1. Quick one: count up the residues across the range 353-376 that are more than 17 Å from GLU451 (Cα to Cα) and aromatic (Phe, Trp, Tyr).
2. Looking for whichever is more than 24 Å from ALA259 (Cα to Cα), without any contact (Cβ under 8 Å) to a residue 12 or more places away in the chain and more than 13 Å from the chain's Cα centre (by Cα) here; the options are PRO315, PRO292, PRO277, PRO287. Which one fits?
3. Any residue that is surrounded by 10 or more Cβ atoms within 10 Å (Cβ to Cβ) and under 30 Å from ASP415 (Cα atoms) - is there at least one of those in the range 458-480?
4. Find all pairs meeting these conditions: Cβ atoms under 6 angstrom apart; at least six residues apart or on different chains; first residue within the range 450-470 and closer than 30 Å to GLN367 by Cβ; second residue part of a loop (DSSP other than H, G, I, E, B).
5. Might you let me know whether the range 415-429 holds any residue that is more than 30 Å from GLY276 (Cβ to Cβ), touching a Lys or Arg at 6+ places or on another chain (Cβ under 7 Å), outside the structural domain of ALA223 (by TED's automatic domain parsing) and of a type in the set (A, V, I, L, M, F, W, C)?
6. Considering every residue within the range 53-64, establish whether at least one is modelled with pLDDT under 80 and either out of contact with any Cys (no Cβ under 6 Å at 6 or more places or on another chain) or surrounded by 11 or more Cβ atoms within 10 Å (Cβ to Cβ) (or both).
7. Please go through the range 1-24 and give me each residue that is touching a Lys or Arg at 6+ places or on another chain (Cβ under 7 Å) and more than 12 Å from ALA46 (Cα to Cα), ordered by number.
8. Pick from GLY212, GLY191: which is under 18 Å from GLY265 (Cα atoms), of a type outside the set (A, V, I, L, M) and either in contact with a Pro (Cβ under 6 Å, 6 or more places away or on another chain) or touching a residue at least 60 places away in the same chain (Cβ under 8 Å) (or both)?
Amino acid sequence: MTMDNLKDFVKILEENGELKRVTTQVDTNLEIAEILRRTMYEGGPAILFEDVKDSNMPGLGNAFGSMKRLELGREMSDFTEIGERIASMTKMDMPSGLLGQIKNIPQLKKMTASFPKSKKDGPVQDVVMGKPSFSQLPILKTWPKDAGRFITLGLIATRHPETGTRNLGVYRMQILDDTHALMHWQKHKRGAHHGDIAEERGEKIPAAVIIGGDPATVFAGIAPVPEGLDKYLFAGITRKKGIETVPCKTVDLDVPAQAEIILEGHVDPTDVRPEGPFGDHTGYYTPPEPYPVFTLTGVTCRTSPIYLTTIVGKPVLEDAYIGKVIERSFLPLMKMFHPEIVDFAMPPSGWFQGFGIISIKKRYPGQARKVMMGLWGTGQLSLTKIFVVVDDDINVHDVNDVIWAITTRADAARDTMIIPNTPTDNLDPASPLVNLGSKMGIDATQKTHLEGFNRPVQEQVMPDEETVKMVDSRWGDYNL
């Protein structure tokens, strides 16, 4: 069964013992965040706060804070399936003749079934608020030195002003007053690119904040999909069923009909104000920086909507699990462009954007550097500050195995590559300049004489196979 909305997901979480309800009244000012933070660090359940002070909406947090919950939400256990679905569609051959066209029908049916479906109305517009205001939502203040309350898991819908391509992105929003907020879309993000084009045209850009979609739509908003791919189509592909959309009431945008809450408005690229500080997923407060103002023009919602939120801070929190799903999902696409790649990992402690490990089937000298340079030229991977490349006998998900490879197969002078003046994540607290810093690549693959390694390659120790079999057969006799 495809989950169409957040309430379907809540029901499934509860049926599987993955959700707790808190009926005691709780405060959006730091209290909810502290409860969620403790729960996340301890590997606890999703929490539905049913009585939030000064709000008639319940709040849901830690909904995606474990691999089990993500498997329930995405209705799969192997997330590489997502990338394989995308990859299979890009590999479709153009049919030649009637027989070829007939053979392609099943694949074409799958694709068309994933397309968004436009409706006149939907549950997310059951209630149209007469006087739109952010004060109607239980928006959290997460850390004591945050500049205020922030929307942290809103999917920001925009449309390219020239091509019309739709995008969803998750950008935090600092609330200024009842109808104004700051849109923290960083320079490297597509929402910011849409805003830049609108500014060049002397226009404001319509935007809609989607709160509480089904798990596939939330994932689509977070995922760094290939440029030009409609995020609604991506959501439909990943869940094997197109999402229903409805037109907004006050701006020219389509939004998911099954969402919980929609905040409609526009962003004025010329009206920029200091945003922050905010305690971010790096574990540090990001300092104030100028970002554009979002003006609220309309609010629609379901009857009895749920406000979906998340909190971030020093890893490992909820975003780490979402990042792991993204890592697994995009591995097949990485292999399309770099066939030598065997596996890929971005450890949560490196806040994902900071550190990546790649294993390859090495065939020629310099191949590790070739892969690193290729990935640094690919989408959001361009912001990754450190890559380590290992051979395919190394488990990229075992940090001990990776460290062993670095210390036994890499020489600091020969195998470390430093590249200055490259794009960095806006949130990187170590970059000498905002958005500009250096990258490091470590080639931890085994070297040959073709790479200047003129010593004999030392043989790796391995146990005697016959002894292994004998001990396996007698293991129960050892009483261990």
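The values are calculated or read from the model by the stated rules, or taken from the named source; none is laboratory data. Predicted, not measured: the structure shown is a model, and the values here were computed from it. Virtual Cβ from ideal backbone geometry, glycine too; neighbours counted across all protein chains shown.
1. So the answer is 2.
2. Residue meeting the stated conditions: PRO287.
3. No, the conditions are met nowhere in the range 458-480.
4. Qualifying pairs under 6 Å: LEU450/PRO365; GLU451/PRO365; PHE453/LYS447.
5. Checked the range 415-429: at least one residue is more than 30 Å from GLY276 (Cβ to Cβ), touching a Lys or Arg at 6+ places or on another chain (Cβ under 7 Å), outside the structural domain of ALA223 (by TED's automatic domain parsing) and of a type in the set (A, V, I, L, M, F, W, C).
6. As a first pass, look at the range 53-64 and keep what is modelled with pLDDT under 80: none.
No: the range 53-64 contains no residue that is modelled with pLDDT under 80 and either out of contact with any Cys (no Cβ under 6 Å at 6 or more places or on another chain) or surrounded by 11 or more Cβ atoms within 10 Å (Cβ to Cβ) (or both).
7. THR2
8. Residue meeting the stated conditions: GLY212.
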